[in-house]
């Protein structure tokens, strides 16, 4: 599938799709979206890049092994759960929020960090699976 | 005060799994961390147990959402005991794994997944929300599926297909039952369900829902017509994995059944009769199945089924005494079955075979080890004063009190079948002259291992044997504990009050 059209397109699509995935991730608390879908879109960006330019190029682009994102994402999610417990002495999984919304991003609180954790885990798992399959085939 | 200590065993296993994932490639660090972490987890679970023993049921509302709206975690005596046993078996098997799991398997994430499985088990035991129970069941299935397939040998994959299909089917049935129950009552909190079901007038639909629950949990705990996935899958993975499966996984199904049929669907003649019939058939099919098997691990798999029948029998009699017997049996069974699979793995590691026909002369070559292995084997039969003997007294006494003579007969038959099977195994594996098994190339025999690894394989068997000796010789402690659990199970008001504050008036 190494056509020049796809290769050129994927260079532009990669940042666009990544940006879109972050947008989906951020709007996810009250609207459709969230970490899972955002993560899938982000991994689609890399998979597209990989099928156009070869997995090796995507790997050098990523720099780290995607599998590493799994524990990182789980750690972020874990700390978002215990944040309310440790910082404010409330129940485990209590959401804590900053008082004022940030421009562009909106309200920031522990649920956002949970979603970011999910996002990272999904990217990590999906890319690991796809790369393993394409390596062995 | 918020009872956060209730969460520590659960959160600790999760954190440990994450830390282990960071050392994905370095299996040496993983082995050490897993053993050390399991030790700490046991201490945390022991602390939780001590707290519950002293101060009674503790509850926790996730995210501060009050019951019945949020997810409630409840630890009563039964949950605390099972969490403690999970962490105990978890430690023993972690030590055994650290020596017996080869690096080729450990590199694919054996240890992180193992701790995620323990997390799922603990979660299932402490949740007070029926949908949350479903979620923990999924965590358990997915992690156990990975453990079952790691290594990718052909029989493993074949068994994993059976295991996964049947368990996913069970989950779907379980989920359907939850949906119907939610439609009936509009709540998922188990304590709240208990109150609302008792006040509901639609008895027909409630009985049908109870039946759907029974089928779902029945597949998971391998009762009579739905057990066939178990013996065809439990003997294929490494012994450490079989041990955690045999010791705890089917017991989760039994736990769920005990919880649901004592708290939510209370005393119904139809359900009790059904449970009793199924218990009898489960004892029979498990016992006779074990008779004809040749592979040691397969014999143990069938014996699991046989003894699940004892627990269901205790549940079906429904008196407090019978529940005491069932709970005591469960405590004994978790320790002994876990240990037996380790023993089977040990024999395989020493001789390179699990076939009773090929094996022999074990007592002659390893007399000390044989004496050690004798303890779980004879505890399983229940030769007094070993641990399997005491719960049967309660079960039989309960049967005599309520005139369930047929059930008593089958419990005795099940015990005799177990005795016969274990005696056959003892003569075949330990006494009979060995026929000489051809040595396998590329197989690391026990004799070739380093002393440290040898010790790490014997130690967990010794620990669990000591625990089952404790259960046998200090049976009054465990009996006291089981009586208290049975009391809590038959008088649900304590559980409901702990969750909901006070029992609210219900408007039908």
Expressed as an acute angle from 0 to 90° and rounded to the nearest 10, what is the orientation of the C-alpha long axis of helix B:475-490 relative to the principal long axis of chain B? 30 degrees
GNM result for chain A, Cα springs below 10 Å: residue of A:121, A:22, A:72 fluctuating most strongly: A:72
Would you mind telling me which residue in A:21, A:51, A:80 has the biggest mean-square fluctuation in a Gaussian network model of chain A, where springs connect alpha carbons within a distance under 10 angstrom? A:51
Per q in 0.05, 0.06, 0.08 Å⁻¹, report the Debye log10 I(q)/I(0) for the protein assembly as shown, using one uniform scatterer on each alpha carbon and no solvent. -0.24, -0.35, -0.62
Provide the convex hull volume over Cα atoms per residue for region B:153-285, in Å³. 103 Å³
Roughly what angle does helix A:69-87 make with the longest principal axis of chain A, taking Cα atoms, 0 to 90 degrees, to the nearest 10? 10 degrees
Between residue B:424 and residue A:61, take the C-beta separation as r, use R0 = 56 Å, and let me know the FRET efficiency to the nearest 0.05. 0.35
Can you give me the P(r) profile for region B:425-506? Cα pairs, bins 5 angstrom wide beginning at 0, each as a whole percent. 3, 10, 8, 9, 13, 11, 8, 8, 7, 7, 6, 5, 3, 2, 0
Globularity ratio of region B:150-190, using Cα Rg and 2.2 N^0.38 Å: 1.78
Cα-based helix-to-principal-axis angle, B:320-351 vs chain B, degrees rounded to 10: 20 degrees
Taking only the alpha carbons of region B:285-336, what extent do you get along each of the three principal axes, in Å, biggest first? 39, 22, 9
Chain B: relative contact order in percent, alpha carbon pairs under 8 Å with at least 6 residues between: 16 percent
Mean 1/r over all different Cα pairs, inverted: what Kirkwood radius does region A:4-136 give, in Å? 15.8 Å
Contour excess over end-to-end distance, with Cα ends at residue B:103 and residue B:416 and 0.36 nm allotted per residue: 108.5 nm
Sorted from fewest to most neighbouring beta carbons within 10 Å, what does the list B:353, A:10 look like? B:353, A:10
Name the most mobile residue of A:16, A:120, A:31, meaning the one with the largest mean-square fluctuation, in a Gaussian network model of chain A with Cα contacts below 10 Å. A:31
State log₁₀ I(q)/I(0) for chain B at q = 0.05, 0.08, 0.11 Å⁻¹ as given by the Debye formula over alpha-carbon point scatterers of equal weight, solvent excluded. -0.18, -0.46, -0.89
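All of the numbers you see were taken from the coordinates with simple rules; none came from a lab. None of the values given here were measured: they were computed from a predicted structure. A quick note on method: Cβ atoms are made from the backbone with ideal geometry, for glycine too, and the neighbour counts reach across all protein chains shown.
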